[in-house]
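Structure first, then comments.
Just so you know, all these numbers are worked out from the coordinates, no wet-lab data involved. Note that the coordinates shown come from a computational prediction; the quantities given were computed from them, not determined experimentally. All Cβ positions, even for glycine, are placed from backbone atoms using ideal geometry, and neighbour counts span all protein chains on display.
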Amino acid sequence: MSTRAATAAARPRTVPVVLGAAMTAALVLACLASAGTGAYDIPLGDVVGSLLHRTGLGGAELDRVGESVLWNVRLPRVVLALLVGSSLGCAGALTQGVFGNPLAEPAVIGVSMGSAVGAVASIALGLGFLGTWTVSACAFVSGLVTVLAVYALSRSGGRTEVVTLLLTGIAMNAFAGALIGLGVFLADNAQVSQIAFWQLGSLAQATWPKVLAVLPCAVAGLAVAPLYARRLDLLALGERPARHLGVDVERLRLVLVLVVALLTAAAVAVAGVVAFVGLLVPHLLRMVAGPGHRFLVPGSAVGGALVLVSADLAARTAVQPAELPLGVLTALVGSPFFFVLLRRARRGRGGWM
């Protein structure tokens, strides 16, 4: 009996460490594989050698074509996938913690649809005040404004209830969907094609300037999120116990909703709508390593990056020379997989009640 107790006590400490190390190693391998694989294949050793050469740690420079493909095409896409995936994964973990629901995702507070409204409006109206950055900038600002509107509309008596926030988010998503439909109606054929491509999600237009555009938002959000892990653990006990333990629940909810909006809006602005990453990754990690947010928040960032780098590699190579839309691929794989998880969870609990 003592052995079983020791094993049960050790499992929460060892499982996250092992899982985190395995995900990190898999992420490094996935990044190297993605950087070297494509229409112009670059051997793994050459990729590593070029990286070492650029950082002054030895290695060797590739030929002119290889260097151009690796540093101007592949690596910006890999880094952008890392940033977008980690942002979506971390935002999903925070959303599920804030709402106390493992089925929640950033879209429930309207940030994804809100970002889509800004992108669709800029395309349909032919805006170009920031050049190629116009669509991304409009999507980012629109996503943040939508979340702030949802939060303001859901407040009553100086407090924000989770149910009210969810219902307000649902209403805002419906309103945003109507605005998107209106934008599509007003757009011409070329603009409709551009809108459809953006909504399907893709990293095909990845460049170093786009990486630099999303980098500050992603780094800021990913740096702040783990600081609230302990308070999220206390919030999981319930609002009243959390308040008795010294947690300012209203302030915590506001800060984390803004962090979720920042991470998600930045990701959606440069990659379009990529479904299920923020929903599935934290859900799976919680099943394997438990509900502790000290691991779940950073682990979801690593897991989200791993999923998106791998998904982007599959999207580029599955139907060469064509490319699958990234959002379509994640939805095709994620939705049936999540349905299986739901069935297993329901069967294990003997029903939802």
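Data for the structure
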| read-out | value |
| --- | --- |
| Residues VAL135, VAL120, VAL333 arranged by fewest to most Cβ contacts within 10 Å | VAL333, VAL135, VAL120 |
| Gaussian network model of the chain, Cα within-10 Å springs - most flexible of ARG54, ARG230, ARG74 | ARG54 |
| Test item: Cα-centred dipole of the range 14-347, Lys/Arg +1 and Asp/Glu -1 on Cβ, debye | 1020 |
| In order through the range 212-229: 3J(HN,Hα) via Karplus (6.51 cos²θ - 1.76 cosθ + 1.60), integer Hz, x for Gly, Pro | 5, 5, 8, 4, x, 5, 5, 5, 4, x, 5, 6, 6, 3, x, 5, 9, 4 |
| The range 197-275 versus the range 79-158: alpha-carbon centroid distance in Å | 10 |
| Dipole of the range 14-347, positive end: most advanced residue of SER193, VAL214, VAL224 [Cβ charges, Cα centre] | VAL224 |
| Longest segment of the chain lacking chymotrypsin sites (Phe, Trp or Tyr not before Pro) that sit in a DSSP loop with at most 14 other Cβ atoms within 10 Å | 130-351 |
| Globularity index of the range 197-353, i.e. its alpha-carbon radius of gyration over 2.2 N^0.38 Å | 1.18 |
| Average Cα contact separation per residue, the chain, under 8 Å, 6 or more apart, as relative contact order % | 28 |
| Cβ charges +1 (Lys, Arg) and -1 (Asp, Glu), total dipole of the range 54-164, debye | 120 |
| Farthest positive-ward along the chain dipole, Cα basis, beta-carbon charges - from ALA236, VAL307, LEU166 | ALA236 |
| Convex hull (Cα only) mean projected area of the range 8-159, reported in nm² to one decimal | 15.4 |
| Which labelled figure in (i) 0.97; (ii) 1.17; (iii) 1.04 is Cα Rg over 2.2 N^0.38 Å, once derived from the coordinates | (iii) |
| Debye intensity ratio in log₁₀ form over the Cα atoms of the range 268-352, taken at each q of 0.11, 0.12 Å⁻¹ | -0.36, -0.43 |
| Karplus (6.51, -1.76, 1.60) ³J(HN,Hα), θ = phi - 60°, over the range 27-35, in Hz, Gly and Pro reported as x | 5, 4, 5, 5, 5, 5, 5, 5, 5 |
| Taking only Cα atoms of the range 109-177, radius of gyration then Dmax in Å | 13.6, 44 |
